[in-house]
1. Compute the separation of the alpha-carbon centres of the range 11-29 and the range 181-239 and state it in Å as a whole number.
2. What is the Cα coordinate range of the range 234-318 on the first, second and third principal axes, sorted by size from largest, in whole angstrom?
3. Under 1.5 on a/c is rounded, so check that first for the range 140-234, then, if it is not, pick prolate when a/b is larger than b/c and oblate when it is not; a ≥ b ≥ c are the square roots of the alpha carbon gyration tensor eigenvalues.
4. For the range 2-82, what does the alpha-carbon gyration tensor say about shape, rounded, prolate or oblate, given a ≥ b ≥ c as the root eigenvalues, a/c under 1.5 as rounded, and a/b over b/c as prolate?
5. In whole Å, what are the Cα extents of the range 28-161 along the three principal axes, biggest one first?
6. How do the peptides 295-301, 51-57, 220-226 rank, highest first, by the average count of neighbouring beta carbon atoms within 10 Å per residue?
7. When you count, for each residue, the other Cβ atoms within 10 Å and take the mean per peptide, how do 175-185, 132-142 rank with the highest first?
8. Going by average Cβ density within 10 Å per residue, which order do the peptides 61-73, 27-39, 81-93, 250-262 take, highest to lowest?
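We did not get these values from a lab; they are worked out from the coordinates using the rules stated. All figures in this text were calculated on a predicted structure; none of them were measured in a lab. As a convention, Cβ positions derive from the backbone with ideal geometry for all residues, glycine included, and neighbour counts pool all protein chains shown.
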């Protein structure tokens with residue numbers, strides 16, 4: 001952003017350079033259809049290659065003018081404008097697929113009420129279990145117990161070092177070989193919990209270690225028990241470091257929950273593929289699922305931002 005401000009707040013030669021570089025990049029794409037539309041609109045008779053070059057220059061001029069104009073506005077105004085423009089381009093890209101919107105509208109309630117419900121159910125249950133596993137794993141990694149340290153490091157190494165899809169199959173198909181049979185939803189929750197718990201173990205460990213040891217020693221000198229020190233002294237300060245990456249992990253888990261469709265769970269991606277396959281309208285359902293994932297992720301990004309703001313605020317004394 002600083003580069004753009006410097007680019008468009010000084011000499012016009014920099015704007016011209018931006019225009020030239022952007023036009024050169026656009027020439028690498030086949031813009032003949034856009035060029036043909038422009039030449040028809042301007043009543044010009046040019047070759048297709050020339051029309052493509054003309055389209056590149058026209059698009060570059062529009063983008064350059066847009067950036068020059070918007071960059072003069074306050075920052076809080078620039079962001080929503082650019083978001084709206086990028087969203088319009090994104091939706092235009094989807095619209096170019098010649099989608100069947102009646103088909104989407106008819107199936108959308110199923111995706112929302114059934115697919116999204118199971119996605120959120122599996123994700124919420126998994127992030128709670130993963131957080132508990134991560135807390136226990138972090139304490140084991142920080143302990144002086146050989147068995148606890150070995151078990152936690154082995155757990156973290158294995159589940160961070162193998163693909164989540166493989167872990168799904170090991171749990172859903174492997175556990176029955178040991179006489180342990182779980183339904184699809186508990187198996188999916190277990191797989192996601194174990195996988196993300198391994199990553200979050202390191203997050204919890206880093207957050208706990210970030211609290212100065214002297215504070216724990218001072219609390220112990222005041223007569224607090226170890227669990228009281230952890231609950232009242234360490235965790236309230238460590239949570240500021242733990243929340244941002246944990247929120248990122250939850251948003252990633254929302255998308256990775258699509259892997260549990262291999263178990264037959266009718267979550268969002270499973271239903272999108274099934275409904276699209278029934279009438280060979282795969283793009284309609286996949287794009288719908290993508291937009292739902294994006295919308296839900298955006299909501300949780302806002303929630304995460306509010307949590308970070310709350311816990312990063314200085315604590316009032318008295």
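1. 51 Å
2. Here the Cα extents, ordered largest to smallest, are 65, 23, 16 Å.
3. Prolate is the answer for the range 140-234, as a/c is 1.5 or above and a/b outweighs b/c.
4. Judged from the Cα gyration tensor, the range 2-82 comes out prolate (a/c at least 1.5, a/b above b/c).
5. So the three principal-axis extents are 80, 40, 34 Å.
6. Highest mean packing first, the order is 51-57, 295-301, 220-226.
7. Result, highest mean Cβ count within 10 Å first: 132-142, 175-185.
8. Taking the mean over residues of other Cβ atoms within 10 Å, the ranking is 250-262, 27-39, 61-73, 81-93.
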